[in-house]
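One structure is given below, encoded as structure tokens.
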Amino acid sequence: MSRRILVCDDEPQILRALKVILREAGFEAVPAQTAEEALDRAAVHPPDAAILDLVLPDGDGVEVCREIRSWSPMPIIVLSAVGEEDAKVRALEAGADDYVTKPFGARELIARLEAALRRVGPATATEPRIVAEGLEIDLAAHTVTRDGAEVHLTPIEFRLLEALARNRGRLMTHRALLVEVWGPEYADDVSVLRGHLANLRRKIEPADGHRYIRTDSGVGYRFAA
């Protein structure tokens, strides 16, 4: 059976485009044009994932995201217009897994959707090791190797890498990382995060670029391997 994807956007042409894109990729679109419709359809027959616009005629897509996340782990991707950086951050903090900026490409949207769906499979949190493109993270032993050679990380650097790797592919905001690694009192100390991320990258990334940790400018980071 095709996986069902809730798509909520109040612009008819975008809703039509989303339905075509999803159908051609083998998904079944469940359309909604308002926040109320989206919540009703998500509750009555829960879909496998949701794609939500941030601006809806009867509410805020962030609130829809927060409401769905309060009872469902389904992947949520938000659609945002250029310049809505604050809204994107709020959506991610409300539980969205990722965002796509309008105008969007069909291939990028489907790739992000499929990545989000893969992450709701067997949980990585229970894995004793996370392995990705030559990097091996032993969660129990708190050790890291790259291409067979041990990488010496500080406790903070290891916790940062662990947080990102456990959420592989998912964008984590600056605030989410700061709260998880340092605690709520550091929630706004982005300079601390950037300093430690720079050190972590120098130790694990190859000389030819960022293979493991990608930056979403002004928003956060994701473990992309």
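The values are calculated or read from the model by the stated rules, or taken from the named source; none is laboratory data. Computed from a predicted structure; not experimentally measured. Quick reminder, even Gly has a Cβ in these numbers, built from the backbone with ideal geometry, and neighbours come from all protein chains shown. Accessible surface areas use protein heavy atoms only, side chains included; no ligands, DNA or RNA. Shrake-Rupley method; radii C 1.70, N 1.55, O 1.52, S 1.80 Å.
Please calculate how many Å² of accessible area the chain carries per residue, with a 1.4 Å probe and no DNA, RNA or ligand atoms counted. Numbers along the way, then the final one.
On the way: 10980 Å² over 225 residues.
I get 49 Å² per residue for the chain.
With contacts defined as alpha carbon pairs under 8 Å and 6 or more residues apart, what's the relative contact order of the stretch 158-225 in percent?
For the stretch 158-225, the relative contact order is 40 percent.
Are there GluC sites (Glu not before Pro) in the stretch 117-225 that DSSP marks as loop and that have at most 13 other Cβ atoms within 10 Å, and which are they?
Qualifying residues, ordered by number: Glu133.
Arrange the residues Val131, Val20, Val89 by how much accessible surface each exposes, largest first, with a 1.4 angstrom probe.
Val131, Val20, Val89
Largest first and in whole Å, give the semi-axes of the stretch 1-128's equivalent ellipsoid, each being the square root of 5 times a Cα gyration tensor eigenvalue.
Rounded to whole Å, the semi-axes are 20, 17, 15.
Just want to confirm a number: the relative contact order over the chain, from Cα pairs under 8 angstrom separated by 6+ residues, in percent.
Numbers: 361 pairs, mean separation 29.3, N = 225.
Contact order relative to length: 13 percent.
FRET efficiency for Asp189 and Asp138, Cβ-Cβ distance as r, R0 = 30 Å, nearest 0.05?
After rounding, the FRET efficiency stands at 0.55.
If you line up the long axis of helix 12-24 against the longest principal axis of the chain, both from Cα atoms, how many degrees apart are they, to the nearest 10?
The helix 12-24 is inclined about 60 degrees to the chain.
Round to the nearest 10 and give me the degree value, 0 to 90, for the angle of helix 155-166's Cα axis relative to the longest principal axis of the chain.
Helix 155-166 and the main axis of the chain meet at about 30 degrees.
Lys102's amide H: which non-local residues (gap 5+, or another chain) put their own amide H closer than 5 Å, with H modeled 1.01 Å from N in plane and none for Pro or chain starts?
Ser80, Ala81, Val82
Give the accessible area for Phe104 in Å² (nearest 10); use a 1.4 Å probe, count only protein heavy atoms, and leave out ligands, DNA and RNA.
About 50 Å², ignoring ligands and nucleic acids.
Accessible area of the chain with a 1.4 Å probe: how many percent of it is carbon plus sulfur?
Values: 5560 of 10980 Å².
Carbon and sulfur: 51 percent of the exposed surface of the chain.
In the full protein assembly as shown, how much of Trp71 is accessible to a 1.4 Å probe, in Å² to the nearest 10?
110
Measure nothing fancy, just the Cα-based angle from helix 106-118's long axis to the longest principal axis of the chain, in degrees from 0 to 90, nearest 10.
Taking the Cα atoms of the chain, the angle to 106-118 is about 70 degrees.
If the cut-off is a Cα-Cα distance under 21 Å, which lysines reach Lys102, setting aside same-chain residues fewer than 8 apart in sequence?
Correct list for Lys102: Lys19, Lys88.
HN-Hα J couplings of the stretch 134-143 from phi, Karplus 6.51/-1.76/1.60, θ = phi - 60°, integer Hz, Gly and Pro as x?
x, 9, 10, 10, 8, 5, 6, 7, 6, 10
Once label points are set 7 Å from the Cα along Cα→Cβ at both Val44 and Ala81, what is their separation, rounded to one decimal in nm?
Roughly 3.0 nm, to one decimal.
Near the amide H of Leu56, under 5 Å away, which other amide H atoms are found, from residues 5 or more places off or on another chain, if H is placed in the peptide plane?
Those qualifying (amide H under 5 Å, at least 5 residues apart or on another chain) are Gly61.
Quick one: of the DSSP bridges fully inside the chain, what percent are antiparallel, nearest 5? Could the numbers behind the result be given before it?
Working: 19 of 37 bridges.
So the antiparallel bridges amount to about 50 percent of the total.
Quick one: what do you get for the chain if you divide its Cα Rg by 2.2 N^0.38 Å?
For the chain, the normalised Cα radius of gyration is 1.06.
What percent does the relative contact order of the stretch 16-114 come to when contacts are Cα pairs within less than 8 Å and at least six residues apart?
Reported relative contact order: 23 percent.
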